Amino acid sequence: MYHRIQPIIMSAFLPCLIFHPLSLARADGGAVRLRQRAGGYQIAVFTSPTPFRAGPVDVSVLVQDAATEECVPEAQVTVCLKATGDGRALECPATTAAATNRLFHAAVFELPEPGRWDVEVAVEGPHGRALLRFGIEADGPAPRWLEFWPWFTWPALVVALFGLHQVLIRRRPVCVTVPDRRANESRRMQTECEAH
């Protein structure tokens, strides 16, 4: 019976594995782009989505005290993205209010184009000022259909589950006790198993 169910399960869940929505999610964390000590801080910079691409992007910064490794939520963080080609700059304060995890400072940008971008993270806090710079390559924007794939695949999942249900109920025998009319006077019963 398992050999009949396995293709149904695989066809239902394979699209979920291929087009996993986490690659498009904006959230605190993502890919670690830089982890470095600067001044009295240990700073980690994360970007999402992975791979980094044009469109909505999240740059999250974790600021810790370099000596104690305690988070420094009172630090003021500013993130600046500069296009290498034309020098266009996008600047945004990274705040704990914009972050899902309050240990992070997050800034959300609408990255207009793919290409090389220079990222500058400025931290101002109890240990003074710290500045980090690094470069990142942005891929082209994600295809539009990736935003809508859950709406198109959930009906397929429902159909697959219905098919699995049908296979399971057809395989299970239903036993029905029917009186034998020919042997009614001796009150013998005959059991017939019918598969539906």
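The values are calculated or read from the model by the stated rules, or taken from the named source; none is laboratory data. All figures in this text were calculated on a predicted structure; none of them were measured in a lab. Positions of Cβ are generated from backbone atoms using ideal geometry, with glycine treated the same way; all protein chains shown enter the neighbour counts.
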Next on the checklist: Please determine whether any residue of the stretch 41-56 is out of contact with any His (no Cβ under 9 Å at 6 or more places or on another chain), farther than 19 Å from D139 by Cβ, among the hydrophobic types (A, V, I, L, M, F, W, C) and at pLDDT 90 or above.
Outcome noted: yes
Checklist entry - If you check A44 against the conditions, is it surrounded by fewer than 20 Cβ atoms within 10 Å (Cβ to Cβ) and either charged (D, E, K, R) or without any contact (Cβ under 8 Å) to a residue 40 or more places away in the chain (or both)? => result yes
Item to check | Selection from the stretch 143-196 of residues that are among the basic types (K, R) and modelled with pLDDT of 55 or more | outcome: R144, R170, R171, R172, R181, R182
Checklist outcome for this item: How many residues of the stretch 63-72 are assigned to a strand (DSSP E or B), surrounded by fewer than 18 Cβ atoms within 10 Å (Cβ to Cβ) and of a type in the set (A, V, I, L, M)? The answer is 0
Item to check | 3 or more residues touching a residue at least 24 places away in the same chain (Cβ under 8 Å) and surrounded by 13 or more Cβ atoms within 10 Å (Cβ to Cβ): qualifying strands (runs of 3 or more DSSP E) within the stretch 73-167 | outcome: 76-83, 104-111, 115-125, 128-138
